[in-house]
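Asks: Quick one: the structure is below, and I'll ask about it shortly.
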Amino acid sequence: MAKGGRGRKRGFDQESDDDGKRDDHIKLDGVISEVFAGGQFEVATDSGAKVRAQLCGRMRKYRIRVILGDRVTVALSPYDLTHGMIVFRAK
């Protein structure tokens, strides 16, 4: 038999959270306060901190537009709280 891609993926863990959500990221809500070149944004969070963030891959894939003044959710790494990833744009 030929080996095909129809079996279980090797690197995928069935017991992990669905939707690929990461539990080690810190999620904060904020507003886009400045737009930089190269898809970078400055987000003013509700707690008062300013974070440099970029769009996550899924938002780039589906071409979700983010403009100045939009309300967004930013996922921050616990290791560097000044850089983040925009994971959601509120309507």
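We did not get these values from a lab; they are worked out from the coordinates using the rules stated. Small disclaimer: the values here were computed from a predicted structure and weren't measured. Quick reminder, even Gly has a Cβ in these numbers, built from the backbone with ideal geometry, and neighbours come from all protein chains shown.
Asks: Under a plain spin-label model, where a point goes 7 Å from the Cα along Cα-to-Cβ, how far apart in nm are Arg63 and Asp46?
Replies: My value for the distance between the label points is 3.2 nm.
Asks: Rounded if a/c is under 1.5, else prolate if a/b is larger than b/c, else oblate: which is region 22-89, with a ≥ b ≥ c the root eigenvalues of its Cα gyration tensor?
Replies: oblate
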